[in-house]
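Participant: One structure coming up, written as structure tokens, with questions to follow.
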Amino acid sequence: AQSVTQLGSHVSVSEGALVLLRCNYSSSVPPYLFWYVQYPNQGLQLLLKYTTGATLVKGINGFEAEFKKSETSFHLTKPSAHMSDAAEYFCAVSDGGPGYSTLTFGKGTMLLVSP
Amino acid sequence: GAGVSQSPSNKVTEKGKDVELRCDPISGHTALYWYRQSLGQGLEFLIYFQGNSAPDKSGLPSDRFSAERTGGSVSTLTIQRTQQEDSAVYLCASSLSGGSSYNEQFFGPGTRLTVL
């Protein structure tokens, strides 16, 4: 089974500072990797995904992530944090069985942005 | 277009009662998933439907949990004899097909279940 580790349950940054949220995965097969964001009392929204091809993936709201196979990592970054980025972020890896996929999530990282 | 909807948004029940949680997926999505989000366990997969059949029920935590899907659309998650540890947010997601990891899963807003 696949697994995902997110380092840091909470990350605090100042507005305008770099955002770095860490994600490491364990997978026995080439992984498909995802970052989701959850705003308070809302469902999950896909930020970006890596399937195949270019290892630097760009998503919505200025976020991007780089797949590094040698480090089994898929860290999420944004050059300049905005107050509206405050939310919980989940890294996920595709899992499942023959002919279907489900998602295995990390524990989540709460991003706090201060003015 | 409409996204995934879930009802009720909040449910408070007493220990030992049965509850039903409903999910309406995006029209045309054949794959449907239930996940549970709790403080101690994070986000956990519960069950996957392809059409009306459930090829993967491996995440259901006990036989008190069951789910069905009718007409390839609406799904109901039933928890019998609820326990306090069942308190969580239950999330439903749907995708075009479960057969490809490329297919984005679209999530509903969830049902917050509180068992007193």
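Participant: Of all the residues that make up the stretch B:9-39, how many are within 10 Å of chain A (Cβ to nearest Cβ) and not in a strand (DSSP E or B)?
Facilitator: 1
Participant: On to the next question. Look through B:Tyr48, B:Tyr90 and report the one residue that is closer than 24 Å to A:Phe34 by Cα, under 10 Å from the mean Cα position of the chain (by Cα) and more than 9 Å from chain A (Cβ to nearest Cβ).
Facilitator: Answer to the selection: B:Tyr90.
Participant: Sticking with this structure for a sec: Would you be able to say whether some residue in the stretch A:40-59 is in contact (Cβ under 8 Å) with a residue 40 or more places away in the chain and in contact with a His (Cβ under 6 Å, 6 or more places away or on another chain)?
Facilitator: no
Participant: Is it the case, given these coordinates, that B:Leu21 is in contact (Cβ under 8 Å) with a residue 12 or more places away in the chain, surrounded by 14 or more Cβ atoms within 10 Å (Cβ to Cβ) and farther than 29 Å from A:Gln6 by Cα?
Facilitator: Yes; evaluated as a whole, the condition is true for this residue.
Participant: Within the stretch A:73-115, can you find the residues that are in a loop (DSSP other than H, G, I, E, B), more than 7 Å from chain B (Cβ to nearest Cβ), more than 16 Å from A:Pro30 (Cβ to Cβ) and free of Cβ contacts under 8 Å to residues at least 40 places away in the same chain?
Facilitator: A:Ala86
Participant: Taking the condition touching a residue at least 40 places away in the same chain (Cβ under 8 Å) and out of contact with any Ser or Thr (no Cβ under 6 Å at 6 or more places or on another chain), does B:Ser5 pass?
Facilitator: yes
Participant: Additional query: Going through B:Thr78, B:Thr82, B:Thr70 one at a time, which residue ends up being under 11 Å from the mean Cα position of the chain (by Cα) and more than 14 Å from chain A (Cβ to nearest Cβ)?
Facilitator: Checking each option against the conditions leaves just B:Thr78.
Participant: Moving to a separate point now. When you go through (1) over 17 Å from B:Leu21 (Cα atoms); (2) touching a residue at least 60 places away in the same chain (Cβ under 8 Å) one by one for B:Gly51, which number turns out not to apply?
Facilitator: The one condition B:Gly51 does not meet is (2).
Every residue, every condition in (1) of a type in the set (A, V, I, L, M); (2) under 25 Å from A:Val93 (Cβ atoms); (3) in contact with a Ser or Thr (Cβ under 6 Å, 6 or more places away or on another chain), yes or no:
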position	(1), (2), (3)
B:Cys23	no, yes, yes
B:Ala31	yes, yes, yes
B:Leu43	yes, yes, no
B:Leu60	yes, yes, no
B:Ser66	no, no, yes
B:Thr70	no, no, no
B:Ser75	no, yes, no
B:Gln105	no, yes, yes
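Participant: A:Ser14 - would you say it is exposed (fewer than 14 other Cβ atoms within 10 Å of the Cβ) and over 14 Å from the mean Cα position of the chain (by Cα)?
Facilitator: yes
Participant: Please list, ordered by residue number, the strands (runs of 3 or more DSSP E) wholly in the stretch B:40-116 having 1 or more residues that are modelled with pLDDT of 95 or more, surrounded by fewer than 16 Cβ atoms within 10 Å (Cβ to Cβ) and among the acidic types (Asp, Glu).
Facilitator: Fully inside the stretch B:40-116 and qualifying: B:65-69.
Participant: Specify which of the listed residues (A:Val11, A:Val4) is touching a residue at least 24 places away in the same chain (Cβ under 8 Å), within 11 Å of another protein chain (Cβ to nearest Cβ), among the aliphatic types (A, V, I, L, M) and assigned to a strand (DSSP E or B).
Facilitator: Sole residue among the options that is touching a residue at least 24 places away in the same chain (Cβ under 8 Å), within 11 Å of another protein chain (Cβ to nearest Cβ), among the aliphatic types (A, V, I, L, M) and assigned to a strand (DSSP E or B): A:Val4.
The values are calculated or read from the model by the stated rules, or taken from the named source; none is laboratory data. Computed from a predicted structure; not experimentally measured. When we count neighbours, we look across all protein chains shown, and the Cβ atoms used for this are built from the backbone with ideal geometry, even at glycine.
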